[in-house]
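The values are calculated or read from the model by the stated rules, or taken from the named source; none is laboratory data. Quick caveat, the model's predicted, so the values are computed rather than measured. All Cβ positions, even for glycine, are placed from backbone atoms using ideal geometry, and neighbour counts span all protein chains on display. Just the protein is used for accessible areas: all its heavy atoms, side chains included, with ligands, DNA and RNA removed. Shrake-Rupley method; radii C 1.70, N 1.55, O 1.52, S 1.80 Å.
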Amino acid sequence: MLMRVLFYLFIVFILPIIPYYRFIYLIFTIFTVCFLFIHTYLPRNGRKFIIAQHKDPLYVFLLNLIATIILYWVFFLDIQRYGFVNFFFASRTFVSTIGSILAESALVLIIDAKLTLGNMFYDGAGIYRNHVIVNKGPYVLVRHPIYLGYINFYGGSSLVADSYIFAITCGLITFWAYKSRAIREEKLLLNCENTRVTYLSYSHTTPMFVPTWKTIVKYLKE
């Protein structure tokens with residue numbers, strides 16, 4: 001609990017007053033992406049699937065690809081306009097500060113959620129033998145904290161580049177993509193006898209994407 005609260009306090013209150021916050025955002029993002037890539041593709045032994053869907057529908061992949069292209073295009077345009085050094089070491093604006101807080105807290109949420117899942121993590125939709133519904137850590141905040149983190153990261157990163165329009169666009173595109181993925185996963189859990197009752201009970205007490213004040217407090221106390 002203490003470490004989680006300290007992380008978020010640092011991001012919200014300390015990070016905005018540190019000079020060169022865009023450069024720190026870049027370094028933190030690169031480090032986090034490397035960690036998430038390694039964690040996603042770590043070998044996990046002893047898992048036997050009852051049901052496994054390895055691939056997303058094509059439109060989900062395309063939506064994520066479009067959002068990624070838009071995000072990097074925004075950064076490319078700004079770096080081209082101001083120059084690399086000037087862009088990453090420029091003085092902060094209110095919008096870009098809010099964006100960096102949103103994006104970096106989103107990355108912390110993603111890491112927290114993946115570590116909480118542990119061996120239950122799977123980059124796809126699947127149900128194992130002896131499947132356990134994880135309802136602790138970030139999973140008391142919302143049912144899909146990893147997807148919420150990615151949505152906030154794309155929107156927040158666009159704000160780092162001072163772009164309202166692209167922030168809204170990326171946020172909506174990724175929300176559409178990850179909500180579609182979440183619905184597909186939930187149908188799988190609700191249609192399986194091993195997980196139906198537990199997940200139904202869990203879904204009645206925990207929102208899908210939008211946390212409530214009650215779930216935020218519960219999460220920070222975990």
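Give the residues of the stretch 167-177 that are open to solvent by 20 Å² or more (accessible area, probe 1.4 Å) and not β-branched (Val, Ile, Thr), sorted by residue number. Across the stretch 167-177, the qualifying residues are Leu172, Phe175, Trp176.
Residue-wise test of (1) of a type outside the set (Asp, Glu); (2) open to solvent by 60 Å² or more (accessible area, probe 1.4 Å); (3) assigned to a helix (DSSP H, G or I); (4) within 24 Å of Asn64 (Cβ to Cβ).
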| residue | (1), (2), (3), (4) |
| --- | --- |
| Gly126 | yes, no, no, yes |
| Asn130 | yes, yes, no, no |
| Ser158 | yes, no, yes, yes |
| Ser201 | yes, yes, yes, no |
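Take the conditions (1) modelled with pLDDT of 70 or more; (2) among the polar types (S, T, N, Q); (3) farther than 19 Å from Ile151 by Cα; Asn64 misses just one of them, which is (3). Per the conditions (1) in contact (Cβ under 8 Å) with a residue 24 or more places away in the chain; (2) crowded, with 17+ Cβ neighbours inside 10 Å; (3) in a helix (DSSP H, G or I), the sole criterion not satisfied by Thr116 is (1).
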